[in-house]
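Participant: The structure that follows is given in the form of structure tokens.
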């Protein structure tokens, strides 16, 4: 696998501004971010912390049946928060080899991590399930999937989208896509990943600052119900995440272990690490 660093130099210029357009408010946030990082070499935690208190809004990637790269730096759900932070981190790392450090460059990387094999080819090309997103970005060289203490085999058993097509606007507009979604789910269910049962997360062994934490679930048809970044305080791990409960991006006030125990539908965590 090739590391993503330097991979994007000189490719797809204008993808954000010229092809899809972007709201002036998002351009302004991007400029503030670039000023924020201009005098440091920020890590994942510092990049994520830039977005603290940004409003939580669900479904920002959904719309009509036309799939396009949607960029929103003003409001995020848990998953778009993680994607935006990763794309900004990779953009800054790539800048060590590329002269370009523009919004276009950020959008190019965002497309690469959001879509299957980096190719935007309609709604079905988006990596809708976290299990496939992690596996595909591992294969693209964006992520590693560390084998940590207490890991067990995780077998996705996804079916939620194909059995709830009526709640997805794009699938409502194209009900014939539901069969294709079902076939994608079958492929995902062949994956074998690793997770740590929530009862075994109390010592947080091997989890590093900035690791991606994907919370697995007992909810039928789903693999993951929440994602965020690990943040060490003392000997404990907390989450930086877009919280629907708080209505904004926060650093959790309870440890990751306590957060998991408080929710009956949470079964454990998968851990991914960005390739530096």
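Participant: Just for helices (runs of 4 or more DSSP H) wholly inside region 159-269: which have at least 2 residues that are at pLDDT 95 or above and either more than 30 Å from residue 124 (Cβ to Cβ) or not assigned by TED's automatic domain parsing to the domain that holds residue 55 (or both)?
Facilitator: Details: elements: 160-163, 169-173, 177-188, 256-261.
Once the helices (runs of 4 or more DSSP H) in region 159-269 are filtered for at least 2 residues that are at pLDDT 95 or above and either more than 30 Å from residue 124 (Cβ to Cβ) or not assigned by TED's automatic domain parsing to the domain that holds residue 55 (or both), what remains is 160-163, 177-188, 256-261.
Participant: Consider residue 27 carefully, then state whether it is part of a helix (DSSP H, G or I), surrounded by fewer than 19 Cβ atoms within 10 Å (Cβ to Cβ), in contact with a helix residue (DSSP H, G or I) (Cβ under 7 Å, 6 or more places away or on another chain) and at pLDDT 90 or above.
Facilitator: Values: part of a helix (DSSP H, G or I): yes; surrounded by fewer than 19 Cβ atoms within 10 Å (Cβ to Cβ): yes; in contact with a helix residue (DSSP H, G or I) (Cβ under 7 Å, 6 or more places away or on another chain): yes; at pLDDT 90 or above: yes.
The answer is yes for residue 27.
Participant: Tell me which of these residue 259 doesn't satisfy, since it passes every other one: (1) in contact (Cβ under 8 Å) with a residue 24 or more places away in the chain; (2) crowded, with 17+ Cβ neighbours inside 10 Å; (3) within 22 Å of residue 85 (Cβ to Cβ).
Facilitator: (1)
Participant: I would also like to ask the following. Give just the number: which of (1) in the same structural domain as residue 61 (by TED's automatic domain parsing); (2) within 20 Å of residue 226 (Cβ to Cβ); (3) touching a strand residue (DSSP E or B) at 6+ places or on another chain (Cβ under 6 Å) does residue 125 not satisfy?
Facilitator: Result: residue 125 passes all but (2).
Participant: Right, something else. Could you tell me whether residue 102 is more than 30 Å from residue 257 (Cα to Cα), assigned by TED's automatic domain parsing to the domain that holds residue 48 and touching a strand residue (DSSP E or B) at 6+ places or on another chain (Cβ under 6 Å)?
Facilitator: no
Participant: Please specify each residue of region 173-184 satisfying the condition of being under 22 Å from residue 63 (Cβ atoms) and surrounded by 12 or more Cβ atoms within 10 Å (Cβ to Cβ).
Facilitator: Selection gives 173, 174, 177, 178, 180, 181, 184.
Participant: Considering 113, 109, which residue is part of a helix (DSSP H, G or I), touching a helix residue (DSSP H, G or I) at 6+ places or on another chain (Cβ under 6 Å) and in contact (Cβ under 8 Å) with a residue 40 or more places away in the chain? Working first, answer last.
Facilitator: Numbers: 113 fails: in contact (Cβ under 8 Å) with a residue 40 or more places away in the chain.
After ruling out the rest, the residue left standing is 109.
Rundown of residues vs (1) assigned to a loop (DSSP other than H, G, I, E, B); (2) outside the structural domain of residue 111 (by TED's automatic domain parsing); (3) modelled with pLDDT under 85, yes/no style:
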site: 9; (1), (2), (3): yes, yes, yes
site: 47; (1), (2), (3): no, no, no
site: 64; (1), (2), (3): yes, no, yes
site: 69; (1), (2), (3): yes, no, no
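The values are calculated or read from the model by the stated rules, or taken from the named source; none is laboratory data. Treat the numbers as computed from the prediction; the structure is a model and nothing was measured. Counting neighbours? That spans all protein chains shown, and the Cβs are built from the backbone with ideal geometry, glycine included.
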